[in-house]
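Note sheet for the following structure.
The values are calculated or read from the model by the stated rules, or taken from the named source; none is laboratory data. This structure is a prediction, so every number in the text was calculated from the model and none was measured. Glycine also receives a Cβ, built like all others from the backbone with ideal geometry; neighbour counts cover every protein chain displayed.
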Amino acid sequence: MFDLKHLSADAVPGALAKAERYRLLGEPVEAESICRDVLDADPDNQEAVVTLILALTDQFAGDAARVSDAVEALDRLQGDYQRAYCAGIIRERRAKAVLSRGTPRGDSQAYDWFRDAMTHYERAEAIRPPNNDDALLRWNACARIIMRRRLEPRTEEPVDPVLSE
């Protein structure tokens with residue numbers, strides 16, 4: 001329908017700053033669009049990939065379908081640490097989106113998402129760069145939410161046996 005205009009390589013740093021500003025202003029769709037333009041101009045730009053993932057996770061509360069877009073973007077990350085850490089961020093933010101909806105069984109679903117995030121943070125922590133405790137901080141944040149909200153894993157409902165002939 002439209003041919004998108006292309007960002008020049010010289011404009012990438014300014015565009016990334018704008019994307020971050022839009023995220024901070026609560027306009028993740030605009031940030032996502034800018035990141036996609038940056039990645040068209042510089043496909044390996046890791047800052048753009050991370051900002052794209054964060055912009056997508058900012059949209060989880062309104063559109064759960066964005067989860068698959070964020071997971072897909074993980075493949076563009078080059079380092080194992082960054083991939084594990086961002087995988088944790090995706091799951092943590094999914095948990096928070098589930099909690100914000102207040103749906104039936106949402107607490108146990110959020111618990112599962114938080115625990116999955118914590119597993120990814122543990123992987124990231126094991127291979128973190130020196131003096132980088134970000135994964136540890138995120139793990140603790142997840143643990144505190146679970147404890148404060150008293151979240152628990154899903155329990156299977158007991159099934160009564162069929163007593164018919």
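Values for this structure:
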| item | result |
| --- | --- |
| Some residue of segment 54-75 being part of a loop (DSSP other than H, G, I, E, B) and among the aromatic types (Phe, Trp, Tyr) | yes |
| Residue in segment 111-121 that is among the small types (Gly, Ala, Ser), buried (at least 17 other Cβ atoms within 10 Å of the Cβ) and not assigned by TED's automatic domain parsing to the domain that holds residue 62 present | yes |
| The one condition in (1) out of contact with any helix residue (DSSP H, G or I) (no Cβ under 8 Å at 6 or more places or on another chain); (2) in a helix (DSSP H, G or I) that residue 44 fails to fulfil | (2) |
| Residue 51 being surrounded by 17 or more Cβ atoms within 10 Å (Cβ to Cβ), within 30 Å of residue 155 (Cβ to Cβ), of a type outside the set (A, V, I, L, M) and not assigned by TED's automatic domain parsing to the domain that holds residue 144 | no |
| Residue list for segment 122-138, restricted to those being free of Cβ contacts under 8 Å to residues at least 24 places away in the same chain and either part of a helix (DSSP H, G or I) or not assigned by TED's automatic domain parsing to the domain that holds residue 109 (or both) | 122, 125, 126, 136, 137 |
| Among the candidates 93, 105, 76, residue that is on the phi > 0 side of the Ramachandran plot and either basic (Lys, Arg) or exposed (fewer than 15 other Cβ atoms within 10 Å of the Cβ) (or both) | 105 |
| Any chance residue 60 is assigned by TED's automatic domain parsing to the domain that holds residue 32, under 16 Å from the mean Cα position of the chain (by Cα) and aromatic (Phe, Trp, Tyr) | yes |
| Check on residue 163, modelled with pLDDT under 95 and farther than 15 Å from residue 53 by Cα | yes |
